[in-house]
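S.K.: Following this message is one structure expressed as structure tokens.
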Amino acid sequence: MLRLQPGRVVADVGAGSGLLTVHLARAVSPGGRVVATDIDGAALSSLGARVAAAGLEPLVESRQVKPTDPGLEPGRYDAILLAQVDQYLEDRVAWLAAARPALARGGRLVIANRLHHRSAALAAAQAAGLTLVEESRDIPGQFVAVFEVKP
């Protein structure tokens, strides 16, 4: 659903210790890049160790960010992934609206979370100017929603 392939640039928001970061880096290799963000510096240290152990250091940049600032450059990202993290955003609409300009043309913002967070996530994304283009509920109790910016 992320449409990852070699050469793509993806942001792993709330990356924590990097469990998904490693998989994302493998998916965009060679030539791609993963920017793994988190508000917790200690978690990013664990992420660095995990990435190093996997031999993926050249593909991954870890970045400590503020809770209200995505910390992502405009127009750069083919995909922005928020996995099990959007419910922690103090103001989902404001954060998603701030992240939206970071998407490259045709880029996708993907929210994956438990079903009980779905309504709030979808409403926030719509309020932030994102359009739902695809959704999956293949994992019991979970949803994956894919958004794009429509002109």
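A short reminder: the numbers here are calculations on the coordinates, not readings from a lab. The structure presented is a predicted model; accordingly, all values stated were derived computationally and were not measured. Methodologically, a virtual Cβ is constructed for each residue, glycine included, from the backbone with ideal geometry; neighbour enumeration extends over all protein chains shown.
S.K.: Per residue of region 73-79, in order, report the coupling 6.51 cos²θ - 1.76 cosθ + 1.60 (Karplus, θ = phi - 60°) as ³J(HN,Hα) in whole Hz, putting x for Gly and Pro.
M.R.: Result, rounded to whole Hz: 6, x, x, 9, 9, 6, 8.
S.K.: What number in nm² do you get for the chain if you take the convex hull of its Cα atoms and divide its surface by four?
M.R.: Numbers: hull surface 32.5 nm².
That works out to 8.1 nm².
S.K.: To continue, here is another question. Students often check this: by mean Cβ neighbours within 10 Å, which of 61-67, 108-114 ranks highest, and how do the rest follow?
M.R.: So the peptides 61-67, 108-114, ranked by packing, come out 108-114, 61-67.
S.K.: Which percent, to the nearest 5, of DSSP beta bridges fully inside the chain are antiparallel? Intermediate results must be reported in sequence, preceding the final value.
M.R.: On the way: 11 of 31 bridges.
In the chain, DSSP labels about 35 percent of beta bridges as antiparallel.
S.K.: Kindly write out, for region 56-71 in residue order, the coupling ³J(HN,Hα) from the Karplus curve 6.51 cos²θ - 1.76 cosθ + 1.60 (θ = phi - 60°), rounded to whole Hz, with x marking Gly and Pro.
M.R.: Running phi through 6.51 cos²θ - 1.76 cosθ + 1.60 with θ = phi - 60° gives 10, 3, x, 9, 10, 10, 9, 9, 7, 10, 7, x, 9, 10, x, x Hz.
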